[in-house]
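Rule-based calculations on the coordinates, nothing more; no lab input. This structure is a prediction, so every number in the text was calculated from the model and none was measured. All Cβ positions, glycine included, derive from the backbone under ideal geometry; neighbour counts span all protein chains shown.
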Amino acid sequence: MNILMLGWELPPHNSGGLGVACYYMSKALALAGSSIDFVLPYSAEHPDTSFMRIHTATKLGPLERNGLGAYDASGSITDALHRKSGEGLNDIRDVQAKYIEFVESHVKHSKPDAIHAHDWLTIEAGIKAKEITGAPLVVHVHATEFDRAGGYGNPLVHEIEEQGLLMADRIIAVSEITKGLIVHRYRIPADKVEVMHNAFDASVMAGYNYDDQTYKYLEYLKGEGYTVAATITRFTVQKGLIHFMRAAARASERYDRLVFLLAGDGEQRDELLRLSADLGIADKVFFTGFVRGQRWRDAYTVADIFVMSSVSEPFGLTALEAAHHDNALIISKQSGVGEVLSHIFRYDFWDIDRLADQMIAIAASNGLKQTLKVNVKREYTRLSWDDVASRCLAMYRRLLHGVAA
């Protein structure tokens, strides 16, 4: 099976869970015997990717690509594709146009059996590849514009998403929550959408040793009886961090042995810094900035509680990563990962009193904390990328044989 995989990032140059999911899905598909051509919009080294062929559509570096606002809920994406040959790559639409040009050239010389496009960033390239080759198009929705914007968002992105969902031969949604958005917001027939939850590969954490000097002060506080409640995410409206901060203040009013770690960066960073001061908890909130590698793993390890406060989170791979690092989990009911985990606390993202209660309950009861940690580990280890790959291959085969579902 020859698969054209259209993605926007891969580790270690990923800004979130999209690149992680693409990497492990592709690896599992390759191990199952598939041949994969993976197209990226930037040029960089990607270790441990010998199982597939990586193609780079532009000479942009990863940081240049990240600076174009692909994941921001901003109104800056206003133009349709307009790039002319020889023009520079000045915005996200320029990069997408160049990406489409590359895919168009590639498929004229190498026809795939199936085209697998991830999110709105690659949908237009997937449609073009389908037009040229006649190969079936699978659109994999990790997040919609409704999720990213925490509301309606950018109308152009909605238009691209709707066109891709209509043109797709089959749609994969990462959760029932995401499927519901696709069906009800984009009026796509429910039987065209298949839910495939993400998984977690624990081997990625092999050989890691915690450096207790990275968060030395937090380790000191833990020695004094404090509990660390953490979140590791992009600082955007989608992630509900304003509500998390207000819940942290509410919890601190009633329980003085809680501290809060916010690992990440994004458009809301300065707003969150000011809010922590305005709420009188600046001495209890620790901002790390963007982290990856050792410091990223250390942030999970120093935490006792992991909070996913998202307004709309299609899945939420960071919850599985946190569970692997021995965290008790508190997940908003608007997060898809809650569909595969039951030994967690859940709350509506806006309910700061309930979130405060849950953080206090875990911090005040070592027995409850340990029970949640142990039981959620038993759950996440059942999730397998091999199972996801098997279902994808079955879908490709059905499409190639003209079977709709």
inquiry  = List the residues, sorted by chain then number, that are 5 or more residues from F290 or on another chain and whose placed amide H is less than 5 Å from its amide H.
reply    = G264
request  = With all distinct Cα pairs included, what does the Kirkwood hydrodynamic radius of the chain come out to in Å, to one decimal, could you say?
outcome  = 21.9
query = What does the highest-first list of 328-334, 225-231, 341-347 look like by mean Cβ count within 10 Å?
reply = 328-334, 225-231, 341-347
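Among the GluC sites (Glu not before Pro) in the stretch 192-255, which ones are in a DSSP loop with at most 12 other Cβ atoms within 10 Å of the Cβ? Mind listing them? Please list the in-between numbers first.
On the way: sites: E194, E219, E224, E253; in loops: E224.
The qualifying sites are E224.
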ask   = Per Stokes-Einstein, at 25 °C and 0.890 mPa s, what whole-number D in µm² s⁻¹ belongs to the stretch 203-380, with the Kirkwood radius over Cα pairs as the hydrodynamic radius?
value = 154
inquiry  = Skipping prolines and chain starts, which residues have an amide H placed within reach, meaning under 5 Å, of the one on A230, given they are 5 or more residues away or on another chain?
reply    = L261, D304, I305, F306, V307
ask   = Which order, highest average first, do 48-56, 128-136 follow once you tally other Cβ atoms within 10 Å for each residue and take the mean per peptide?
value = 128-136, 48-56
ask   = Taking a point 7 angstrom from the Cα of F287 along the C-beta vector, which residues in the stretch 208-231 have backbone N less than 20 Å away?
value = 215-218, 229-231
Using a Förster distance of 60 Å, the FRET efficiency for R295-L166 (Cβ separation, nearest 0.05) = 0.90
ask   = If we restrict to alpha carbons, what Rg and Dmax does the stretch 83-228 come to, in Å?
value = 20.8, 64
query = Which distance in Å, rounded to a whole number, links the C-alpha centroids of the stretch 261-295 and the stretch 125-183?
reply = 32
task = Please find the FRET efficiency linking D353 to R378, where r is the Cβ-Cβ separation and R0 is fixed at 35 Å, and quote it to the nearest 0.05.
result = 0.70
key: Virtual spin-label span in nm between A44 and Y152, 7 Å along Cα→Cβ   = 3.4
task = Putting +1 on Lys and Arg Cβ atoms and -1 on Asp and Glu Cβ atoms, find which of V388, A251, S15 reaches farthest to the positive end of the dipole of the chain.
result = V388
message = Can you give me the distance in nm between label points at D212 and E267, each placed 7 Å from the Cα along the Cα-to-Cβ direction?
response = 4.1
key: Antiparallel %, DSSP beta bridges [both residues in the chain], to 5   = 0
Karplus-derived 3J(HN,Hα), 6.51/-1.76/1.60, for each residue of the stretch 264-278, Hz, glycine and proline x = x, 7, x, 5, 9, 4, 5, 4, 5, 4, 5, 5, 4, 6, 4
ask   = For Y220 and R187, what is the calculated FRET efficiency with R₀ set at 51 Å and r taken between the beta-carbons, to the nearest 0.05?
value = 0.40
key: Over 20 Å between alpha carbons, listed pairs K239/K369; K192/K239; K222/K369; K27/K98; K98/K179   = K239/K369; K192/K239; K27/K98; K98/K179
key: Vicinal HN-Hα couplings computed from phi for the stretch 360-371 (Karplus, 6.51 cos²θ - 1.76 cosθ + 1.60; Hz; Gly/Pro x)   = 5, 4, 5, 5, 8, 10, 5, x, 5, 4, 5, 4
note = Whole-Hz Karplus couplings 3J(HN,Hα) for the stretch 388-401, θ = phi - 60° and coefficients 6.51, -1.76, 1.60, Gly and Pro as x, run 4, 4, 4, 5, 4, 4, 5, 5, 4, 5, 4, 5, 5, 9
remark   = Partner aspartates and glutamates whose C-alpha sits under 16 Å from that of K284, ignoring same-chain residues fewer than 8 away, are E219, E224, E253, D256, D304
ask   = Along the charge dipole of the chain, Cβ charges K/R +1 and D/E -1, which of N2, H184, A277 sits furthest on the positive end?
value = N2
